[in-house]
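FYI, it's all coordinate maths here, none of it is from the lab. All figures in this text were calculated on a predicted structure; none of them were measured in a lab. No Cβ is skipped: glycine too gets one built from the backbone with ideal geometry, and neighbour counts run over all protein chains shown.
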Amino acid sequence: MNFPESLKYTSHDEWVSITDGVATIGITEYAQDQLGELVHVELPKVGRQVAAGDVVCEVESVKAVAEVYAPLAGKVTEANARLADAAEAINQDPYGSWIYRIAITDADQLSSLMDAATYRAKIGK
Amino acid sequence: MTDLRRTPFHARHVAAGARMVPFAGWDMPVQYRGISGEHNAVRTAVGLFDVSHMGEIRVRGPRAADALQWLLSNDVAKLEPGQAQYNGLCNHQGGMVDDVFAYRVGPEDYLVCVNASNRDKDFAWFSEHLPHRDRCTLVDEGDDWAQVAIQGPRGVEVTAALTDVDVTALGRHRFVLATFAGVAGCIVARTGYTGEDGFEVFVPSARAEPVWDRILEVGGPFGIEPIGLGARDTLRLEAGNVLYGHEIDDDTSPLQAKLGWITKLKKAGGFLGSDAIAARRETDVTRLASLSFDGKRIARDGMTVLADGRAVGRVTSGTLGPFVGHPVALVLVEKALSAIGTPLTVDVRGNEAQGVVVESFYKRS
């Protein structure tokens, strides 16, 4: 499985990319493989304030639902509307299919995220 | 966790890269290439299922028919040798111990196929409540039989190519004793749980292992592929078939679960639970309904069903229907709201999914 070195990872199997104080969040290749074919993404509301660890939205496969958490505190600035009718894009390209973006309010929380090697070790891949 | 049991085909599933999960004490394949693809292969071509985890109870003897007529809800007296019949196994309160299939193998010989999750419970129930025990015998044959299901529009061609007798003319719920895939002493039945034409084959477990690859080989030209328990569940749900532990359980009457067609309250002498079922007919307030959705949100087992904002029942099973292409759910709701065309809402983790009660989600053409 592929876990790009350029990304950070969470214990809930999200990937995080940070640029200019904005975190872009999706789910990892491992997460989509565990869930199977995704059929629905319940996108978060833009403008919502979230704390690190809050449930922000859900991704759903034929047989399972997974909650997507906020890795960092901040305000949801964008949701990927393209996924509303194409949840399967996450299966096809998990790192190209971001789910939502957060304007980060506390940069100190970045240290809680894992690098690719640590994440790989955690999931045993 | 205790050691999981393995069917004779376990190594085949692992070799094929199936995702294995614990189910009713067995290590079973939940999916191979993916639930939707497997599901649609069964709807459009043919699929092969390992259902060896199912239990089998043998009832033999001069009073076997009478004994089963008392214990089971359908009219077992109507069964001729070579016929199979769907039945409820009910308790004294009118709930369901299980749903089972009874096969009349010979004049005084019946095989009852039971859910894997209920195998021990059902055998204990039979042991305690089967009447005429001086004139019939009871054997748990769950370890003696492997079972495969070959389901889908091309299932008959695959099964015919593997069986030494003609199965193409076999009627629904009829079976033959035959040599199947080179193994003598198999029961080849035109039954299934998927909503498609197809067969379920009981194979003596000691000789079953090579059968799996043989079916895939012979079925190859017909497009056969192995199907996991995930698609087995979405197929049965799309077809509106009930599952013990979801639509039916020890508290739910077969009439609530829309199983009146296998609940023969008027058969001579009644059956265990028939009086309670009759008495509950007026007092049970809920009834099963099929809820179809246009939107994307998927109602799941346990979610609350609402009508005009009021809680009126719960979801017993829900999924995206991979073939019909929209979410479907079976729901247990207030009787008056189970009528076809009734709009009902499901609370999907705080969001509403708007559905409508339908007659069925899918009927094969």
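HN-Hα J couplings of region B:62-71 from phi, Karplus 6.51/-1.76/1.60, θ = phi - 60°, integer Hz, Gly and Pro as x?
Once rounded to whole Hz, the list reads x, 10, 4, 4, 5, 4, 6, 4, 7, 7.
About the Cα centre of region A:8-106, what is the dipole size in debye to 20, counting +1 per Lys and Arg Cβ and -1 per Asp and Glu Cβ, all else neutral?
In total the dipole reaches around 340 debye.
Counting partner chain Cβ atoms within 10 Å of every residue's Cβ in A:35-43, what's the average?
If you average over the peptide's residues, the count of other-chain Cβ atoms is 4.
Quick one: if the Förster radius is 25 Å, what FRET efficiency do B:ARG60 and B:HIS92 give, using the C-beta to C-beta distance and rounding to 0.05?
Result of the calculation: an efficiency of 0.45.
Lys/Arg Cβ at +1, Asp/Glu Cβ at -1, dipole of chain B taken about the Cα centre: which of B:ILE224, B:THR319, B:VAL97 is farthest positive-ward?
Working it through, the farthest residue towards the positive pole turns out to be B:THR319.
Rounded to two decimals, what is the ratio between the C-alpha radius of gyration of region B:1-284 and 2.2 N^0.38 Å?
Expressed relative to 2.2 N^0.38 Å, the Cα Rg reads 0.98.
Using DSSP to define loop residues, name the trypsin sites (Lys or Arg not before Pro) in region B:333-365 whose beta-carbon has at most 14 other beta-carbon atoms within 10 Å.
When the trypsin sites (Lys or Arg not before Pro) of region B:333-365 are filtered for loop state and at most 14 Cβ neighbours within 10 Å, B:ARG349, B:LYS363, B:ARG364 remain.
Could you tell me how far the Cα centroid of region A:9-71 sits from the Cα centroid of region B:1-68, in Å?
Value for the Cα centre distance between the two parts: 34 Å.
Rounded to the nearest 500, what is the protein assembly as shown's calculated 222 nm mean residue ellipticity when only DSSP H runs of at least 4 contribute -39500 (n - 2.57) each, over all residues?
-5000 deg cm²/dmol
Treat every Asp and Glu Cβ in the protein assembly as shown as -1 and every Lys and Arg Cβ as +1, leave all other atoms uncharged, and give the resulting dipole magnitude about the Cα centre to the nearest 20 debye.
920 debye
Hey, got the dipole for region B:285-365? About the Cα centre, +1 on K and R Cβ, -1 on D and E Cβ, debye to the nearest 20?
Roughly 200 debye, rounded to the nearest 20.
If you take every DSSP beta bridge whose two residues both sit in the protein assembly as shown, what share of them, in percent to the nearest 5, is antiparallel?
The answer is about 95 percent antiparallel.
For region A:8-106, compute the orientation-averaged projected area of the C-alpha convex hull (one quarter of its surface), in nm².
That works out to 5.4 nm², a quarter of the Cα hull's surface.
Rounded, prolate or oblate: which fits region B:285-365, taking a ≥ b ≥ c as square roots of the Cα gyration tensor eigenvalues, rounded meaning a/c under 1.5, else prolate when a/b beats b/c?
Oblate is the answer for region B:285-365, as a/c is 1.5 or above yet b/c matches or exceeds a/b.
I'd like the mean, over residues of B:35-46, of how many other protein chain beta carbons sit within 10 Å of each residue's own Cβ.
For this peptide, the per-residue mean of nearby foreign Cβ atoms is 1.
So how far apart, in nm, are the two label points at B:PHE23 and A:SER11 if each is 7 Å from Cα heading toward Cβ?
3.2 nm
Is the shape of the protein assembly as shown best called rounded, prolate or oblate, per the rule: a/c under 1.5 gives rounded, else a/b larger than b/c gives prolate, else oblate, with a ≥ b ≥ c the square roots of the Cα gyration tensor eigenvalues?
It comes out prolate by the Cα gyration axes.
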